[in-house]
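In what follows, a structure is listed as structure tokens, so that the remarks can point back to it.
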Amino acid sequence: MMDQHYNFAFLDERTKKHIRRALLKAVAVPGYQVPFGSREMPFAYGWGTGGVQITASIIGSSDVLKVIDQGSDDTTNAVNIRRFFARTTGVTTTEKTREATLIQTRHRIPEAPLTESQTLVYQVPMPEPLSKLEPRRRETIKMHALSEYGLMHVRLYEDIAQLGAISHAYDYPVMVNERYLMSPSPIPKFDNPKMHMNPALQLFGAGREKRLYAIPPYTPVRSLDFEDHPFEVQRWDHACALCGASESYLDEMIVDDAGSRLFVCSDSDYCEERRDAGQVGTQQAVTLHDALATPSEAVTPSEQEAA
């Protein structure tokens, strides 16, 4: 039930209208960073103030809201944001991806395919993909205007020359509609292909940096790569210990002092859905080879054992 001491979704109507106007511009120019007047929220910067303001501006009384953090519905960030909107809007909340019409996320895209009736709102800490290469804001604006992204290609090439592969495991830069270079928020590169031609509207908000941007439904999104070094996503040698999924993004948890690891799905709803359908994993942790150990201390694969 909505707390009547607050305006619907906390923000005043004039602020929500201002943010919605900025969102319309962002949708009209996919990948372009639109400045907006970020407001103070009852959250500290870094806890998703940009995403919260976008959600507050577009949520309606008939929406069903889902909030995830690192794929999970149960983290402190997700629980508190979900509780905040339940209190200030009275909308129905859910932990089921398929039931939600509005999904706010930090660091992951759900494993379940999204639909045209859903909107995905990302919490973004740093919206400028060129910030670590060119700190001057005026210069990065000029680069975007001229579509001059050679600096980023050089950065990726340096990785290949020095390490043999591109080292970005998250926040992997993408080209949106072959026009703007975009930071996909700190999602793992495993999720980058899900943004391509996604039927759901994707909105990105950075409260501290006062920027928002968008990917409209069915927009081409391409991860940067080279002909001889094509883009690749992470793969694991293990399946989820709980549901047996081998194609989902896995979290690695150390479960004892010996360093045994348990690999489980990052998306808690996806994992639970598979278990409800009767899918079962090994339910066991594994001991991995320590790359820093001396040869006599190293454990061979044949010596791996269940913890």
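The rows are residues; the columns are (1) among the β-branched types (Val, Ile, Thr); (2) surrounded by 15 or more Cβ atoms within 10 Å (Cβ to Cβ); (3) under 28 Å from residue 48 (Cα atoms).
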site: 124; (1), (2), (3): yes, yes, yes
site: 128; (1), (2), (3): no, yes, yes
site: 134; (1), (2), (3): no, yes, yes
site: 137; (1), (2), (3): no, no, yes
site: 140; (1), (2), (3): yes, yes, yes
site: 146; (1), (2), (3): no, no, no
site: 150; (1), (2), (3): no, no, no
site: 161; (1), (2), (3): no, no, no
site: 167; (1), (2), (3): no, no, yes
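Go through the stretch 234-253 and report how many residues are out of contact with any strand residue (DSSP E or B) (no Cβ under 6 Å at 6 or more places or on another chain) and either farther than 23 Å from residue 167 by Cα or free of Cβ contacts under 8 Å to residues at least 24 places away in the same chain (or both).
7
Restricting the stretch 267-295 to residues that are β-branched (Val, Ile, Thr) and open to solvent by 90 Å² or more (accessible area, probe 1.4 Å), which is modelled with the lowest pLDDT?
Here the residue is 282.
Regarding the stretch 6-19, can at least one residue be identified that is within 30 Å of residue 248 (Cβ to Cβ) and assigned by the TED database to the domain that holds residue 196?
no
Take the stretch 55-85 and flag every residue that is crowded, with 20+ Cβ neighbours inside 10 Å and of a type in the set (Ser, Thr, Tyr).
55, 57, 72
When you go through 94, 15, 88 one by one, which is the residue that is among the polar types (S, T, N, Q), in contact (Cβ under 8 Å) with a residue 60 or more places away in the chain and open to solvent by less than 30 Å² (accessible area, probe 1.4 Å)?
Numbers: 94 fails: in contact (Cβ under 8 Å) with a residue 60 or more places away in the chain; 15 fails: in contact (Cβ under 8 Å) with a residue 60 or more places away in the chain.
The match here is 88.
Report whether or not residue 52 is open to solvent by less than 80 Å² (accessible area, probe 1.4 Å), in the same structural domain as residue 215 (by the TED database), modelled with pLDDT of 95 or more and farther than 30 Å from residue 251 by Cα.
Working: open to solvent by less than 80 Å² (accessible area, probe 1.4 Å): yes; in the same structural domain as residue 215 (by the TED database): yes; modelled with pLDDT of 95 or more: yes; farther than 30 Å from residue 251 by Cα: no.
So residue 52 does not fit the description; no.
The values are calculated or read from the model by the stated rules, or taken from the named source; none is laboratory data. On a predicted model such as this, the values are computed, not experimentally measured, just so you know. Cβ: placed from backbone, ideal geometry, glycine included. Neighbour counts: every protein chain shown. We work out accessible area using only protein heavy atoms, side chains counted, and drop any ligands, DNA or RNA first. Shrake-Rupley method; radii C 1.70, N 1.55, O 1.52, S 1.80 Å.
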